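Please read the structure below before turning to the comments.
The values are calculated or read from the model by the stated rules, or taken from the named source; none is laboratory data. A quick note: this is a predicted structure, and the numbers were derived from the prediction, not measured. Don't worry about glycine lacking a Cβ; one is built from the backbone with ideal geometry, like all the others, and counts go over all protein chains shown.
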Amino acid sequence: MIRQKVKGEYRMLLQKLLWPRVGICTEDRLYYRMKAPSFRDEGDILRIEQGERVCFDTYFNSVSADKWRRYTAAQNFSLRLKLSGKLRVVLCSRHFINSQSVRTVLAEKVVQADSVQEFCFDFPKGADGMLFFELQALSGNAAYCGGAYECDAAEKDVQPVKIGVDICTFRREPLWATLPACAAIFWKTPPARCTTTWKCLFPITARRWITIS
């Protein structure tokens, strides 16, 4: 998803920050880590006690800069967060050196907002390794409300693409029974071949097909 064009480059949504979800994964430490028990309001709001630090160097909410650069046109990375209260935002990277995990602070900034507000933070150019961030509450009403990693790509590297979608069957068994009806609704024609067990061919155009398996 392209959000906006900045100084001749496109700023694109890379990956959204995720929350624990009942029925998917409720292990908080795969999403964020904090010493105090977490308290979440409805609507994905994490309240942070004053002085408490929350770290996002986790499986779901860190980003591998090296892999994105190797396999895509992504260059510089940024972080967009929805926050309220007064917090210190610390941008970090982590490398594995001689079997040791080494944390490096790249930048930090103190922000403050009376209500939920969106902030954008740029990682230094060329930042590599596993990128993540930490939040430290500097007031008693601090809250984290989600966000996303973004990247900049040169205009010449942004291309329209057509992709195939591969849907994992984990916890999606009921989906297969609905695929023929979905095909008829979205493409106004029944799929050429469909089995609810393994594969379904959906027509994208009269001559092109997408395989979902």
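Here Arg21 passes the criteria (1) in contact (Cβ under 8 Å) with a residue 24 or more places away in the chain; (2) within 17 Å of the chain's Cα centre (by Cα) except the one numbered (1). Scanning the range 72-99 for residues that are touching a helix residue (DSSP H, G or I) at 6+ places or on another chain (Cβ under 9 Å) and surrounded by 18 or more Cβ atoms within 10 Å (Cβ to Cβ) yields a count of 3. Cβ separations smaller than 8 Å between residues 6+ apart or across chains give the following pairs from the range 69-90 residues that are of a type in the set (A, V, I, L, M, F, W, C) to residues that are assigned to a helix (DSSP H, G or I) and surrounded by fewer than 21 Cβ atoms within 10 Å (Cβ to Cβ): Ala73/Asp157; Ala74/Trp68; Phe77/Trp68.
Scanning the range 158-181 for residues that are closer than 21 Å to Phe60 by Cβ and modelled with pLDDT of 95 or more turns up nothing. Tell me, yes or no, whether the range 64-71 has at least one residue that is surrounded by fewer than 18 Cβ atoms within 10 Å (Cβ to Cβ) and over 20 Å from Ala154 (Cβ atoms). For the range 64-71, residues surrounded by fewer than 18 Cβ atoms within 10 Å (Cβ to Cβ) and over 20 Å from Ala154 (Cβ atoms): present. For the subset of the range 19-53 comprising residues that are more than 16 Å from Phe133 (Cα to Cα), part of a strand (DSSP E or B) and not basic (Lys, Arg), which member is modelled with the lowest pLDDT? In this case the residue turns out to be Asp41.
Yes or no: Thr104 under 12 Å from Leu131 (Cα atoms) and outside any loop (DSSP other than H, G, I, E, B)? Judged against the criteria, Thr104 is a match.
Exactly one residue out of Leu131, Leu135 is assigned to a strand (DSSP E or B), out of contact with any helix residue (DSSP H, G or I) (no Cβ under 7 Å at 6 or more places or on another chain), at negative phi and not basic (Lys, Arg), and it is Leu135.
Out of the range 113-129, which residues are modelled with pLDDT under 95 and buried (at least 19 other Cβ atoms within 10 Å of the Cβ)? Scanning the range 113-129 gives a single hit, Gly129.
Does the range 102-112 contain at least one residue that is buried (at least 20 other Cβ atoms within 10 Å of the Cβ) and hydrophobic (A, V, I, L, M, F, W, C)?
No, because not a single residue in the range 102-112 is buried (at least 20 other Cβ atoms within 10 Å of the Cβ) and hydrophobic (A, V, I, L, M, F, W, C).
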